1. Once amide H atoms are built 1.01 Å from N in the peptide plane, which residues 5 or more positions from V350, or in another chain, come under 5 Å H to H?
2. Using the 10 angstrom Cβ neighbour count as an exposure proxy, how do C428, C413, C117 rank, fewest first?
3. For the pair E53/R183, report the inter-label distance in nm, with labels modelled 7 Å from Cα in the Cβ direction.
4. For R42 and E191, what is the calculated FRET efficiency with R₀ set at 22 Å and r taken between the beta-carbons, to the nearest 0.05?
5. What residues have an amide H closer than 5 Å to that of V75, excluding those fewer than 5 places away on the same chain, when H is modeled at 1.01 Å from N in the peptide plane?
6. Among A108, T590, A358, whose Cα lies farthest out toward the positive end of the dipole of the chain, if unit charges sit on the beta carbon of Lys, Arg (+1) and Asp, Glu (-1)?
7. At 7 Å along Cα-to-Cβ for each site, give me the label-to-label distance between E320 and A7 in nm.
8. Taking amide H positions as placed in the peptide plane 1.01 Å from N, state which residues far from T286 in sequence (5 or more) or on other chains have amide H under 5 Å from it.
Amino acid sequence: MTAIDPAARAAELRALLEEANHRYHVLDAPTISDREYDLRFRELVDLETAHPELVTPDSPTQRVGAPVEGGFPPVRHDVPMLSLGNAFGHDELREFDARVRKGLGRGADGPSVTYVCELKIDGLAISLRYEGRRFVRGATRGDGTRGEDVTANLRTVRAIPMRLREDPPADALEVRGEVYMPRGAFAALNEQLERDGRPLYANARNTTAGTVRQKDPAVTAGRRLSVWTYQLVGANGLATHSESLDLLLRLGFPVNPVTRRMDGIDQVIAFTEEWAEARRDLDYETDGIVIKVDSLADQAALGFVSRAPRWAIAYKFPAEQVTTRLEDIDVYVGRTGAMTPVAHVTPVLVGGTTVRNATLHNIDEIRRKDLRVGDTVVLQRAGDVIPEVVAAVVEARDGSERIWEMPSQCPVCGTGALREEGEVVTRCPNPYCPAQRIGGLLHFSGRGGMDVDGLGGKIMMQLVDRELVREPADIFRLDVETLESLERLGRKSAENLHRSIQAARQRPMGRIVNSLGIRHVGEQTAIDLAAWLAGEVPRGEHETEADWSRRAADRLRDASVDELTAVSGIGPVVAQGIRRFFDDEHTRDTLHRLLDAGVSAEAPTPGTSTEPATGPLSGKTLVVTGTLPGMSRSDAEEAIRDAGGHPASSVSARTDYLVAGDKAGSKLTKAESLGIPVLDEDGLRALLEGRT
């Protein structure tokens, strides 16, 4: 009997198992049964256990690695992972086509544009890096510039090839895609949780994101994630996007079969209509269609605006509406004291998510829609938008419904509620209200503020409940032993959080000012104040950053309303909000107490310029308000800055344009009364591109 060569048999089994994975997950054409796969897998495990020298990094047995220690290290994307602009109707798709045609120099009567349509997967965007044929790193999208290294967990996703099926077109290759949880896998997971008496997950998308970030890859492996890939970064030698998708298939990546080349926008629109209903039969969630210009040369010619490509857009399927019962209305108190009514509804599935709560905005909206507790109501959710109560079904009333009133006192601390003239929001004026304290501290430590990684809501609540943290400066007095005493925070996690706190001791002055949570002072106003301080308090040649920080803090604390109003982008309302913050005995010295705790600003280098960028909006002040369909407010403000403009937070006579989205509110009313031009998103894009 011929002896079996362990090395040859191991290589044979690896090839067999990888081929089985490819046929099952990529081609959807399995050739062996699950039982046979398991037997071969077990044989390979036994061989590698007996002969450890035979283990290779890309072996199917290595898809589950060791648990992650100390969090996920950051990964900077060589090419940013951009977001897409959105289209919410066919008219907006035609407008997109018109912009593409104009950008390519084709008139309305010119040749049509060839597009590629792909289903927009409702999952988690990832980046996969290969060196040679071997998978070496997987990362999340993160903020588009920096993500998290989740290689160990992505190795457990069997649809991701550990080794490419042919030589790639470059020594290093980056592939982008979307990890998702199939509907069947999500249902099975919730069924198991229900049997175990544990809380169920609300939707597959959030569950996918949490699964990819599990500290133990074995947990990720047990949840049957899959992936669709849709982009090959740096596709050298290819002429079209559709060719790059073909190459991805040859390399062994799964590409969604619902992908088509379309000649002209009419065919694109027909495709969106076809899948508006057909998507419900798929085994995964999709909330729209991504439309991309097929020609890579045309993509390069069209370029980008802000953080979005001009050559692609995401069409969102119409908002899904359902009816349910408005069981009660509660009030949520935010970090600024805003008292927001929240609807508690009979749980209902809408847009792939089980909804139990929905926003009601404010008391004026409740009155306008004539909503009553006990009403049958229409609930709407579109994509990532917070569920909203659209209307009451008046004809379903039986007389048991009751009119709801905004409480006269804060439901958290009992302080009398206030509603200032001209505002739609009712507020709790107590700055030491527990609800405001938690919200304010989370704003302070969050992104845009001091960015203390790992200091989330559950940890902050423990710190406040134990009176370990009463104000921002207390965070920087925490030691490892104190953090380790918190529930579910071991020594390693406590050390990691302590390191994050120490790293946050030095931040740009704009970030520090923004973190204070001063009423009406957002990110841009904080940047304006920091630039003003850099001019008002020049840094001495031999001055330390700590000394400069204290002098700058003194200047800001003592600035008068008139001085603040003279700062570019700051009007009387904002100036008075800043002055009130520094006049209040509780908050007056907040910034100075931070400095006493060892925080300092990154002082401007002597002689450096604080002049804004130049561009088509140079010298212009714009205010963005409401919800824009295709970009977030922060993206819009960044685009304005990049174009040389100044994004202000309040409307004044010095405002050049108001960019108004849905539910623009009082800023729109004020702009109209002052005769300030009002733009929609397309108008803003035209300004950014210098088309007006």
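1. V355
2. Details: C428 25, C413 16, C117 22.
Ordered from fewest to most neighbouring Cβ atoms within 10 Å, C428, C413, C117 come out as C413, C117, C428.
3. 5.2
4. Details: r = 27 Å, r/R0 = 1.22.
Computed FRET efficiency for R42 and E191 comes out at 0.25.
5. Answer set, sorted by chain and number: G147, E148, D149.
6. T590
7. Here the modelled spin labels are 5.5 nm apart.
8. Excluding prolines and chain starts, which carry no amide H, the hits are D122.
Just so you know, all these numbers are worked out from the coordinates, no wet-lab data involved. Just so we're clear, the structure is a prediction, and the values are computed from it rather than from any experiment. Glycine gets a Cβ as well: all are built from the backbone with ideal geometry, and neighbour counts include every protein chain shown.
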